[in-house]
Amino acid sequence: MGYYYKKEEYLEVKKQLEGEYAVAYKKAAAYIHASNLYGLENEESCLLQIMDDFLTAQKEGKPLYKIIGPDLRRFCDKMMKAESERLAFGLVYWLHTIPVAYLLISVMAVLETFLFSKEKASWDTLQFIKINGNIILFFGIIFLFYVVKKLLAVAFFHYTKILNMVSIAVFALTMGIASIALETGKNLIPVTISVPVSLFLILNIVSIIAAGVSIYYNSKHKIRYKVVHKEEELDEIEKRTCPVCKKLHDCDYPACPYCRHKYTDEEPY
Amino acid sequence: MQYTVAGAEPTVQKYQNKDLIVTKGVTMEDSQLLKGILEGCVLAIIAKGETYGYDILSVLERHGFKELQEGTLYPVLVRLEKKKDIQCRIGSSPYGPKRKYYSITPGGEEHLKQFLTSYENLIDITNSILYPAN
């Protein structure tokens, strides 16, 4: 699907929103982008749904509260949660994230043990893989970043520009601190976890399998989505003119998408 | 307590010597009642022909679900899709962004029939309790 925010279609369509709908969409997009923990597919799908609903309701002159209810943030939370359930991304996302994070930790631990440590180990005599405090701190900071991201999205919900600026600043700060934490020689947390080699290997195998399953599931969904999307683009669907509002639309609609005139079998194309 | 009698003007009826106000439309105080029937109602709307979320919301509103929002409807659509009662395709929208269109599956039609049977039975049983024939 691509990064939706950069698409021309998004920018063009967004210009159509006016008044309270434009303000609400801007807040919703910033909030969903800042607080989304379910992955980009979920975010883009959510925004498409919201944008379509807002545009349709705006064209009909419906007040915003009829679509979102009294609380915009709660509306966004419900949409994101529902979308993550639709894509099963809640589980798949964490099935993907946790093993991948563990694999990154194990790669860093192996590099530390065999290359960067002052006492370089060899496989012949190795009994434990050591995960030192710097690696734990690095991933702790990344995790903290996600928590802070969510809190910021909630705190600055009504201040879109500030939210965007603060999100970027926090991201830059997090990356800077995490990089410093990894630097050899600066053991900020004097903790070392020793994992027996056999357990280390088993955990790695399980993580690779879990990551592989989630990547397979993820790619299967993307292939299905791309096929559906492509079929829609390639189809040269015949058009028809609504006899009531005189607007042109695809002929396979059971009702006019503009004025909802329901077609009967007797009405010609 | 308020509940729906479709098409009726607001009236007052007696139940156990208390005034029972019967008005048109369902209020959100009856959320438990709503949860039980909303899936069936949405399925019935989709069974009439392929449609999309906003249109479903409009139909529900026309029939009396005045306080229903997209945030309540969308999880219902997701549940139905996960149960494979409905299927979704991404199509074009007249306003620009892609739109999700929903249609009923054969499994969904079966479930709708079951829902209608259960609903009719429940109405009969409830009415016989609330309005016993004297």
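The values are calculated or read from the model by the stated rules, or taken from the named source; none is laboratory data. Remember, it's a predicted structure, so these values are computed and weren't measured experimentally. FYI the Cβ positions are ideal-geometry reconstructions off the backbone, even for glycines, and counts take in every protein chain you see. Just the protein is used for accessible areas: all its heavy atoms, side chains included, with ligands, DNA and RNA removed. Shrake-Rupley method; radii C 1.70, N 1.55, O 1.52, S 1.80 Å.
Computed quantities for the displayed model
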read-out	value
Qualifying position, being at pLDDT 80 or above and not assigned by the TED database to the domain that holds A:Tyr159, among A:Leu37, A:Leu17, A:Leu103	A:Leu17
Sole residue being closer than 28 Å to A:Gly212 by Cβ, basic (Lys, Arg), modelled with pLDDT of 75 or more and in contact with a helix residue (DSSP H, G or I) (Cβ under 8 Å, 6 or more places away or on another chain), chosen from A:Lys150, A:Lys130	A:Lys130
Residues of the range B:61-94 classified as part of a loop (DSSP other than H, G, I, E, B) and more than 13 Å from B:Thr105 (Cα to Cα), total	10
Residue within the range A:209-220 that is part of a strand (DSSP E or B) and modelled with pLDDT of 75 or more present	no
Residue within the range A:47-56 that is within 18 Å of the chain's Cα centre (by Cα), surrounded by fewer than 21 Cβ atoms within 10 Å (Cβ to Cβ) and either at pLDDT 85 or above or within 14 Å of chain B (Cβ to nearest Cβ) (or both) present	no
Number of the exception - B:Lys48 against (1) open to solvent by 40 Å² or more (accessible area, probe 1.4 Å); (2) in contact with a helix residue (DSSP H, G or I) (Cβ under 8 Å, 6 or more places away or on another chain); (3) at pLDDT 90 or above; (4) within 9 Å of chain A (Cβ to nearest Cβ)	(2)
Selection status of B:Leu122, more than 8 Å from chain A (Cβ to nearest Cβ) and in contact (Cβ under 8 Å) with a residue 60 or more places away in the chain	no
From the options A:Lys230, A:Lys262, residue that is modelled with pLDDT under 70 and among the basic types (Lys, Arg)	A:Lys230
Members of the range B:78-100 that are open to solvent by less than 10 Å² (accessible area, probe 1.4 Å) and more than 8 Å from every other protein chain (Cβ to nearest Cβ)	B:Leu80, B:Asp85, B:Ile86
Of residues in the range A:72-95 being at pLDDT 85 or above and at the interface with chain B (Cβ under 9 Å from one of its Cβ atoms), the one farthest from B:Lys82 (Cα to Cα)	A:Arg74
